[in-house]
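Following: one structure in structure tokens, then a few remarks.
What follows draws every value from the coordinates through simple rules; no lab data is involved. Treat the numbers as computed from the prediction; the structure is a model and nothing was measured. We place every Cβ from the backbone using ideal geometry, glycine too, and count neighbours over all the protein chains shown.
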Amino acid sequence: MARRRFVPWVLFGLLLWLLLAGIDVPALAIAKYSLYFGCAVALPGLLLLRALWRSTGNWTEDLALGAAVGLAYELAGWALFTALGLQSMLILWPLLLLACFAAIPSLRQYWRIAEPDPLPAAWHWVVGFSCALTCALIAAATMGPNAVPPAGESYYQDLLYHLSMVHELIRHVPPETPQVAGVPLNYHWLPNAHLAAAVDITQLPPELVLFRLWMLPMVTVGIITFAALARLVSRVWWTGLLAALMTAVAANFSIWNGRTGVSTSAFEFLSPSQTFGVVVGTAAAVLFLVVLFEPGVPKRTWILLTAVAILGGGSKPTTLPILIGGTGLLGLFVLIKLRRLPARALLASGVIVFAAVFTMLTVAGSTGGSKLQLFGIVRATAGYVGLTGDETMAATGGWILDALSSGDASTVLAGWVLVVALLISQLALLAGLGVLATRRTRQDPVAWWLAGSMIAGWLGMLLLDHPAASQGYFLRSLVPFAAAGAGLLMTEALQGRTRREIGGLAGVAVVLGLTLTLVPRLAAPDPSADRDKQIAAVALPELAFIALVLLVISAWLILGARVRGLRGLGPALVVLTLLAGSWQGAVSYGHYVIKAGSYPLPSAPVSDLERLDPGEQESLLWLQHNTGPDDVVVTNTACRPARRQPPDCDARGYLVSGLGGRRTLLEGWAYTEQALQHHGADGKRYNLQPSPWLDRLELTQQVYAAPTRELLNRLYTEYGVRWIYADSLAGKVSEDLAKLARPRLVAGPVTVYEVPAP
């Protein structure tokens, strides 16, 4: 029996190896990273989990939850060793813990499970399949064809931005902003610190760790953790299967011919903070429920909750508000029911609030420019501008999205059609709110906690408007909570039912799911340049869908009145139908992503304007390997692409700070809080705003236009500038520069100069 539980994970491990090998990751790198993640993250965390709490009864959930704990332990070691300048010795940190658990007799017991409670083989096969499917789609759709994108192609700017932080966090704690040397980094950078720790321990290139190696293990840990949350909430093992399957297809309930709605996959390759945040945030949720509801929980478990909650808060600003929402609604329920708040509930709530405040004061950022605006997220739906004609910027306008309250009738109609599209596309996530719709679940405090978490996520997405539509991450972060809520609904509805009844209900749900997603598409006219027909192509499927839903509800009510055995099965039918429909949508969406390349790939071929020259690639890697780690570089690559310069500058250029791995006097400033706070000024987006550091911009321009000895001396003494990166494709470079600084590398259009000491 144990072998049957082991086989799916062996096959899954083989699949991960093949996926990474298929995108040209060297076998030795795969082996080193696997050994690192297993022995330096998951295993130490597992031992701490068991020592400070207990085992879940099975190795799979222990390793997943242990990985979240291990990440917190790893970052504590990373901060200590980095502050002491001992980064190359960071491997001693996990080895020290493993040695303690091996040498101290009282700790040796945690290497084994004292009271095994193994999960059925079906759990391992289905959860393993969900991990495999999700990882395969991520690898195929977003990770690109090469281990390191070759010269002659383009890097996605956000990944270069994260890469710049990884380089910075390898060097220092607390970090500086790599693009503005000397300015503190205001960003939720703990995920990047994990990547820095991975580089320190494995000694693999930072680009390889970020672009290829770190994502798939985290997705695997995440799906298993989501399944563990669902099992904890419902108290039955099979809801973990539902959570895993829902995670694989979340937010893909589509009734249109083409892409409509907002993507809410829990995992995002282009946003390491989202993937990291949702994984550790769910682990924090598990520990929160443990300390709140598990009798006899050791007091030392509170240490785990505090550490993982802080880790979540420093990973993504959307993580802890969701937990706070659940805590608040749970507290209200308990207060009304018991007329008091138990001390344990107050303490648990205090831990979450403390973690939120602590991380807000120490590790925060990228929230500047946000404002309250109802339905601002609708701007992020596919085809919004074409359907509404609204070209206003995000995070601007009144308290409600302009397209819903102003303009001609066609604009307002299109806006509300897209609101409906948003809600329909997220029906699988909305289903979890049904925990408050049935009498039995309304008596369960956990149901109120789940509902509060989901409500907080939805309110965050619908009420806030961020310049880069980052409020959408609220919905992505509540995927595991919605899945757990759906599982709790299913548990209550199917209690006491036979396998035959459940199988029949599942069959009906599959038919309904396919019907509700495929039939409405027949109502859509062929899209054309005519705006009214484009609106009809979205609106008519919605009307057909609503009509079908009303028909199904009516038929169910009639049958329920005549067939007694159907009573109480409604919630289960809803969940299974939405799951079946989401799987159908996932197939279409996956085909669309892979075929159309709708995601920007880190190595996606682009226009000649954005394409990286081979000389640029060579010179950037030369900088990384031939300059001092604390050296500051002057560069003319602040814009994206580097071929443009102020005033027509999209300030998301991160070549030198990213690929070059060095701090700069001034490079892309778009993601700094200083730039985000000016979003909308003079009718420009945050990334098109002038530099908040005009003095540095002026100095940079002088270096390339009219360099002098006095200027270089000032840069050397005041800003620590040691190198000048001169890219002739980014603008004219004065010939006098070669007379004042020493050329160290000439590679195509790039010359790298060393600034002499005064």
> Given a Förster radius of 45 Å and the C-beta distance between residue 566 and residue 112 as r, what FRET efficiency does 1/(1 + (r/R0)^6) yield to the nearest 0.05?
Replying inline: 0.45
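Please give the length that would be gained between residue 501 and residue 459 if that part of the chain were fully extended, namely 0.36 nm times their separation in residues minus their C-alpha to C-alpha distance (nm, one decimal).
Here the answer is 11.4 nm.
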> Distance in nm between label sites at residue 555 and residue 294, each 7 Å beyond Cα in the beta-carbon direction?
Replying inline: 4.5
>> How much length would be gained if the chain were fully extended between residue 14 and residue 739, taking 0.36 nm per residue of separation minus their Cα-Cα distance, in nm to one decimal?
In response: 255.3 nm
>> Can you list residues from other chains, or at least 5 along the same chain, whose modelled amide H is less than 5 Å from the amide H of residue 400?
In response: 374
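Is the shape of region 198-330 rounded, prolate or oblate, going by the alpha carbon gyration tensor and its root eigenvalues a ≥ b ≥ c, with a/c under 1.5 for rounded and a/b larger than b/c for prolate?
Judged from the Cα gyration tensor, region 198-330 comes out oblate (a/c at least 1.5, b/c at or above a/b).
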>> For a test of the definition: using alpha carbon positions, the gyration tensor, and the 1.5 limit on a/c, classify region 1-159 as rounded, prolate or oblate.
In response: oblate
> How far, in nm, would the chain grow between residue 27 and residue 508 when pulled straight, counting 0.36 nm per residue and subtracting the alpha carbon separation?
Replying inline: 168.6 nm
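Listing 379, 54 from the residue with the fewest other Cβ atoms within 10 Å to the one with the most, what is the order?
Ascending number of Cβ neighbours within 10 Å: 54, 379.
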> In the neighborhood of residue 191, defined by Cβ-to-Cβ distances under 13 Å, what is the net charge if each Lys or Arg adds +1 and each Asp or Glu adds -1?
Replying inline: -2
>> If I compute log10 I(q)/I(0) by the Debye sum over Cα atoms at q = 0.05, 0.08, 0.10, 0.11 Å⁻¹ from the structure I just sent, which labelled value in (i) -0.33, -0.74, -1.00, -1.14; (ii) -0.26, -0.68, -1.05, -1.26; (iii) -0.46, -0.86, -1.08, -1.21 lines up?
In response: (ii)
>> Please list, in order along region 93-106, the HN-Hα scalar couplings obtained from phi with the Karplus expression 6.51 cos²θ - 1.76 cosθ + 1.60 (θ = phi - 60°), rounded to whole Hz, x for Gly and Pro.
In response: 5, x, 5, 4, 5, 4, 5, 4, 5, 8, 8, 7, x, 5
> Can you put 226, 81 in order, fewest other beta carbons within 10 Å first?
Replying inline: 81, 226
> For 385, 508, what ranking results if the residue with the fewest other Cβ atoms within 10 Å of its Cβ goes first?
Replying inline: 385, 508
> What order, most packed first, do the peptides 552-563, 30-41, 473-484, 316-327 have when packing is the mean number of other Cβ atoms within 10 Å of each residue?
Replying inline: 473-484, 316-327, 30-41, 552-563
>> 5 Å is the cut-off here: which amide hydrogens, built 1.01 Å from N in the peptide plane, fall below it relative to residue 745, excluding neighbours closer than 5 in sequence?
In response: 752
> Once amide H atoms are placed 1.01 Å from N in the peptide plane, what residues at a sequence separation of 5 or more from residue 723, or on another chain, have their amide H within under 5 Å of its amide H?
Replying inline: 632, 634, 755
> Which of the peptides 422-430, 689-697 is most tightly packed, and how do the rest follow, going by the mean number of other Cβ atoms within 10 Å of each residue?
Replying inline: 422-430, 689-697
> When the Karplus curve 6.51 cos²θ - 1.76 cosθ + 1.60 is applied with θ = phi - 60°, which whole-Hz ³J(HN,Hα) does each residue of region 213-226 get, with x for Gly and Pro?
Replying inline: 9, 7, 5, 5, x, 5, 4, 4, 4, x, 4, 5, 5, 4
> Using r as the Cβ-Cβ distance of residue 76 and residue 533, and R0 as 56 Å, what FRET efficiency do you calculate, to the nearest 0.05?
Replying inline: 0.45
> What does a probe at residue 611 reach in region 206-236, counting residues whose amide N is under 20 Å from the point 7 Å along Cα→Cβ?
Replying inline: none
>> Using each residue's phi in region 338-352, evaluate 6.51 cos²θ - 1.76 cosθ + 1.60 at θ = phi - 60° and report the 3J(HN,Hα) Karplus result to the nearest Hz, with x for Gly and Pro.
In response: 9, 6, 7, 10, x, 4, 5, 5, 5, 5, 4, 5, x, 4, 5
> Peptides 65-73, 118-126: what's the order by average Cβ count within 10 Å, highest mean first?
Replying inline: 65-73, 118-126
>> Test of understanding: extend the Cα→C-beta vector of residue 409 to 7 Å, then name every residue of region 489-528 with backbone N under 18 Å from that spot.
In response: none
> Say a paramagnetic label sat at a point 7 Å from the Cα of residue 39, along Cα to Cβ; which residues of region 197-236 have their backbone N under 12 Å from it?
Replying inline: 202
> Distance in nm between label sites at residue 341 and residue 372, each 7 Å beyond Cα in the beta-carbon direction?
Replying inline: 2.3
